[in-house]
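Below: the structure, in structure tokens.
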Amino acid sequence: MTLAIVLLVVAIVLILLGVFVEAAKFLLWIGLVILIIAIIAWLMRVVKRNA
């Protein structure tokens, strides 16, 4: 649970940095990838809990 929350916070920070800092545009993509991983981790926990 805490891993998904940490990944979500890191993803949001990197997305914001990527949007506001044009020179660091790759941070936007890294943030999006981490966000997707956090969502997948959260969904896996929800599925395991309900199964």
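The values are calculated or read from the model by the stated rules, or taken from the named source; none is laboratory data. Worth saying up front: this structure is predicted, and the values here are computed from it rather than measured. With ideal geometry, Cβ positions are generated from the backbone for all residues, glycine too; neighbour counts draw on all protein chains shown. Just so you know, the surface numbers come from the protein's heavy atoms only, side chains and all, with ligands and any DNA or RNA stripped out. Shrake-Rupley method; radii C 1.70, N 1.55, O 1.52, S 1.80 Å.
Structure data summary
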read-out: Projected label distance in nm at residue 3 and residue 41, using a 7 Å step from Cα toward the beta-carbon; value: 0.6 nm
read-out: Rounded percent of accessible protein surface that carbon and sulfur make up, the chain, 1.4 Å probe; value: 83 percent
read-out: Where only C-alpha atoms are counted, convex hull volume of the chain per residue in Å³; value: 44 Å³
